[in-house]
Amino acid sequence: MKKISLIILNWNGWKMTLDCLASLMKIKIDNFILEIVIVDNGSSDESVETIKRYKIQNTKYDIHLIENRQNLGFAEGNNVAIRYALENGADYVCLLNNDTRVDPRFLTELVKTAQSDEKIGLVGGKIYFEKGYEFHKERYKDEEKGKVIWYAGGLIDWNNVYTTHRGVDEVDGGQYDSLGETDYINGCLVLAKKEVFGKIGFFDKKYYLYFEDADLSVRAKKAGFKLFYCPASKIWHLNSGSSASGSGLHDYFTTRNRMLFGMKYAPFRSKLALVKESLRLIKTGRQWQKAGVKDFYLARFGKGSWNA
């Protein structure tokens, strides 16, 4: 019987993590073994103690808690858990954000898609904004909330070196219900076959946060794996505002990591445009955009200069 390790990264967010776990306790699984791996990324709140209590009380699924001594970021924080999962016999690894709620069949549908073609390496599902967490709440009728799309496949604009979500802010009317290949899988929800990590390695810890999922997707494609979007797998995302566009964290990591990603994979013309844009940002950008550009050229990766 195949084994799935479902990984949840926690950092000072035990309330969301416990809500996510409550949702997972309702899932339906078909013919596979499920282990839930929670990796605490150096939390300074009561996350570890609270999750340990939950772990003792839970009897439905095997839950393993990994305690990182410091915040290793999204990339390396998940890598720690992925290594553990593979060392302990996982055939599939599923990454799930802790600020999510899942449909009971989300995992079964992901696995079904992965098993349909041996060349499929990564699978993502349809992700909605949780009701009340939409970017533009005023646009929607009350009955539409909870049906607003956050991700229905990933797009990479190589001319401008941007990653975007197909369907974002649209009310789901079945317009993205076709199963098929996609440019990249968002790290909020991704199922990966163990063979992917065996062939291309793990997330690149240089990114720390943002673009690490796009980087993994591109490397998987270059290695011959297919990336699939599975609309039958559905979850809801709280879309935390802590890293919203325009925040210092968002400015720093997206600026630096877009440079890192683009200079690694983009066409020459796009690389040249990135260099020109970076010079402009050094002069006129916001504080953390400037810091991101400087750190890229100084090869300060990982957490880099971010200290907020």
Handout entry: From phi via Karplus (6.51, -1.76, 1.60), per-residue ³J(HN,Hα) for the range 106-117 in Hz, x at Gly/Pro
Key = 4, 6, 4, 5, 5, 5, 4, 5, 4, 7, 6, 8
Handout entry: Cα gyration tensor shape for the range 154-308, rounded if a/c is under 1.5, else prolate or oblate
Key = prolate
Problem - At most 14 other Cβ within 10 Å, DSSP loop - trypsin sites (Lys or Arg not before Pro), the range 32-101 - result: 60, 69
Exercise for the section: Select one label from (1) 1.13; (2) 0.95; (3) 0.93: the one whose number is Rg/Rh (Cα atoms, Kirkwood Rh) as derived from the coordinates shown. Expected result: (2)
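Kindly provide the trypsin sites (Lys or Arg not before Pro) of the range 137-195 that DSSP labels as loop, not H, G, I, E or B, and whose Cβ sees at most 13 other Cβ atoms within 10 Å.
Details: sites: 137, 139, 141, 145, 147, 166, 193, 194; in loops: 141, 145, 147, 166.
Answer by residue number: 141.
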Practice task
Please give the direction-averaged projected area of the C-alpha convex hull for the range 76-151, in square nanometres with one decimal.
Solution key: 6.8 nm²
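Given axes a ≥ b ≥ c from the Cα gyration tensor, I'd like to know whether the range 248-297 is rounded (a/c under 1.5), prolate (a/b larger than b/c) or oblate. Intermediate values should be presented prior to the final figure.
Numbers: a/c = 2.54, a/b = 1.51, b/c = 1.68.
Oblate, because a/c is 1.5 or more while a/b does not exceed b/c.
As a quick test, which of the pairs 137/283; 205/283; 205/271; 112/194; 26/137 have an alpha carbon distance above 24 angstrom in this structure?
Details: 137/283 35 Å; 205/283 28 Å; 205/271 22 Å; 112/194 15 Å; 26/137 28 Å.
Over 24 Å apart, Cα to Cα: 137/283; 205/283; 26/137.
All of the numbers you see were taken from the coordinates with simple rules; none came from a lab. Values in this document were obtained by computation on a predicted structure and should not be read as measured data. Don't worry about glycine lacking a Cβ; one is built from the backbone with ideal geometry, like all the others, and counts go over all protein chains shown.
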